[in-house]
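Remarks on the structure that follows.
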Amino acid sequence: MAGASPQGEDGPAAAASNSQNPAEKSVAPAHPHPAAAGEGGHVKAGKWGLIIGAIGVVFGDIGTSPLYALREAIGHAQDGVGGDLAVIGVVSLAFWALMIVVTFKYVMFLMRADNKGEGGTLALMALATHAVGRRSGFIFLLGVCGAALFYGDGIITPAISVLSAIEGVKDAPGVGGKLDPFIVPVSAGILIALFLVQARGTAGLARFFGPITAVWFLCLGVLGLIHIFDDISILRALSPHYGVQLLINDGFLGFIILGSVFLAVTGAEALYADMGHFGKAPIRIGWVGFVLPCLTLNYLGQGALILSHPEAAENPFWNMVPTVVYWPMLALATAATVIASQAVITGAFSVTQQAVQLGLLPRIEIKNTSETQAGQIYVPAVNNLLMIGVLALLFVFQSSTNLTAAYGVAVTGVMLINTLMAYSVIRHKWNWPVWAVLAALIPFGFIDSVFLTSNLLKIPDGAWLPLVLGAVLILLMWTWVRGTQILTDKTRKDSLALADLIEMLRARPPHRAPGTAIFLTSDPDVAPVALMHNLKHNKVLHEKNVILTVRTTDRPRVPEGQRVTIEPISDDFKKLTISYGFMEQPNIPKALGLCRKQGLRFDIMSTSFFLGRRSVVASASQGMPLWQDRLFIFLTRNAANPTDFFHIPPGRVVELGTQVVV
């Protein structure tokens, strides 16, 4: 999809356009681990370093689920059939959810659908679009929905994770409830500090993420192993029979229980989204060889503890922890939840960058926090909005139990979207027959749909929140995409073909000015507005004129050797196309340096960059509804300055304005 920006010369982000239909972080979160790589996004380190790094970043979210998942699910189950079956059945459902959703769907199957090594919803969207070979409105809509839902998850995860850890003080020895009033304020303080540190970059702290999270999982496994012997009959939960029996016996309540059981696999999509930063093998080894066994042991241990001490069901995780190590474990849990929150925040930054590059959102200020590490970025606007949203949730819901009602809908929605988009990839890229594709995806799609539907039942209790947030973001994305398309069509209709202009200039040569002029545009076949205004008002043409188009491809990254292409048009004009992947940040001066290899040299001090700044005026008689026109105008006025976005030297920029009615 070629995007158009009302502020930049004919293109979204002042001249960026996409060679394919926009493609969902989810997206792949930018890698916060210090060993992050250079080109291609892969970490250059030993396999063990990669595995430890993956444990810290990829599994942080799913690793905090034992704090609350079983507590919520067993609480619902005991309202129904009760007894031992309530406990064994829920543990069985949690174990098999981990096996089917995480191990079978993501680790063994979906991770094969990579886009040049990258995963995540937006990467999958670009891959699916490329596999189909044409623009698909359905795939585009799925990608937009997936990206929007990711932000809903990004707001809830930090709140519920940190709050569930700090709530451990309720059962802390020697406290007796004295610290309960401080749970929410302390959680808020930790989260505020986490968001404030983002501007400084997290590379220095990130080197500790992997080891701390590895210790956390090791403690989960040891605690579970110790308590399994409280009632060894809990091992029956490894059979799916008891989970199915619980669902049958509880009827409709069993359906509700599934919504709570799903809390055990929230964060599973991170396996797919972070694939490009670590590679498939380290993630698979880390999951199968370490994380899955530790989680399984912990859930079994919680179940055994409840079977032998039913009163422990009120907070099974913290009741597992021995008094002598309670406070160190509380500190470790807090660190683990902060790390899980950090991964989600960094992921939101990465998704935003991809969405801007793909034309789904207007330009947003994006800062690099590291000069040496790829993917270390900071997006101030997103950081501030996330912080406000997280704190609002914290003070409105007050407890992790209340927040669990809102959790799950966004994640299940993203998982179902991934399954649906995988169809195009498997059918058209892998060339599987239809029957084989359906045989592989229908079971996954059915399970995703069941989990999604069970979570939708929690809408009155708070699940409406991520849905409302997602709907608002979808509206913003759709307004931006639709508005830029209308603007592009109107510009093409009212513009002069570049070839015709060149012929006119040959017939009536204007005054020539020394130096080089670069005109940014998203449509290189049409005379840029800035060029037309320069000729009309200044009555001058530079000695050398370059029509520059910045394109976003359907690949995560573009090799330096394929970054620039130059096409001579005449003695006075050349077309220059600079291509970026949807996970890269444009830098025009740096890209111009690559033109030397193709014989086109730029002296930045004698080069002027011309940008067309368009003032958009709403119209009730054409285009979108009037309210949507006004929303589009609001987005254009608040978009980041194209000079900063493309890293163009401000002293070399000339902006020429025009007014456009949409």
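The values are calculated or read from the model by the stated rules, or taken from the named source; none is laboratory data. As the structure is a computational prediction, the values presented were derived from the model and not from experiment. Using ideal geometry, Cβ is built from the backbone for each residue, glycine included, and neighbour counts are taken over all protein chains shown. Accessible surface is based on the protein model in full, side chains and every heavy atom, while ligands, DNA and RNA are left aside. Shrake-Rupley method; radii C 1.70, N 1.55, O 1.52, S 1.80 Å.
With a Förster radius of 30 Å applied to the beta-carbon distance between Asn368 and Val288, the computed FRET efficiency rounds to 0.30.
In sequence order, region 184-193 has phi-based couplings of 5, x, 5, 4, 4, x, 5, 5, 4, 4 Hz under the Karplus curve 6.51 cos²θ - 1.76 cosθ + 1.60, θ = phi - 60°, and Gly or Pro positions carry x.
Give me the net charge of Ala94's neighbourhood, meaning all other residues with Cβ under 13 Å from the Cβ of Ala94; Lys, Arg count +1, Asp, Glu -1. All intermediate terms of the calculation are to be shown ahead of the outcome.
Values: positive: Arg71; negative: Glu72.
Once all neighbours under 13 Å are counted, the net charge is 0.
Shown for region 547-662 is the translational diffusion coefficient from the Stokes-Einstein equation, using the Kirkwood radius over Cα pairs, a temperature of 4 °C and a viscosity of 1.567 mPa s: 79 µm²/s.
The simple spin-label model puts a point 7 Å past each Cα toward its Cβ; for Glu560 and Arg112 those points are separated by 3.6 nm. Peptides 350-360, 217-227 ranked from most to least packed, by the mean per-residue count of other Cβ atoms within 10 Å: 350-360, 217-227.
Local charge for Lys597 was computed over the other residues whose Cβ lies under 13 Å away, with Lys and Arg +1 and Asp and Glu -1, and equals +2. With the largest listed first and rounded to whole Å, the semi-axes of the equivalent ellipsoid of region 419-480 from the Cα gyration tensor are 30, 19, 5. Taking 7 Å steps out from each Cα toward its Cβ at Leu141 and Phe446 produces label points 2.5 nm apart. For the chain, with all protein chains in place and a probe radius of 1.4 Å, 62% of the accessible heavy-atom surface sits on carbon or sulfur.
Amide H contacts under 5 Å for Phe609: Ile518, Val653, Val654, restricted to partners 5 or more places along the chain or on a different chain, H placed in the peptide plane at 1.01 Å from N.
Volume per residue for the chain equals 153 cubic angstrom (convex hull of Cα atoms).
Provide the packing ranking of 141-148, 319-326, i.e. peptides ordered by the mean count of other C-beta atoms within 10 Å per residue, highest first.
Going from most to least packed, we get 141-148, 319-326.
Summing charges over all other residues whose Cβ lies under 9 Å from the Cβ of Lys116, with Lys and Arg as +1 and Asp and Glu as -1, gives 0. Cross-linked pairs Lys490/Lys574; Lys105/Lys280; Lys367/Lys590: Cα-Cα separations exceed 21 Å for Lys490/Lys574. Each label was represented as a point 7 Å from its Cα along the Cα-to-Cβ direction; for Lys539 and Leu196 these points are 6.0 nm apart. Scoring 403-413, 527-537, 54-64, 643-653 by mean Cβ neighbours within 10 Å over their residues and listing the highest first yields 54-64, 403-413, 527-537, 643-653.
Remark on Arg551: its backbone amide H falls under 5 Å from those of Ser17, Ile578, Ser579, Tyr580, a criterion applied only to residues 5 or more positions apart or on other chains, H modelled at 1.01 Å from N. Heavy-atom accessible surface of the chain, averaged per residue, reaches 37 Å², computed with a 1.4 Å probe.
Rounded to the nearest 5, what is the percent of antiparallel bridges among the DSSP beta bridges in the chain? In the chain, approximately 25 percent of DSSP beta bridges are antiparallel ones.
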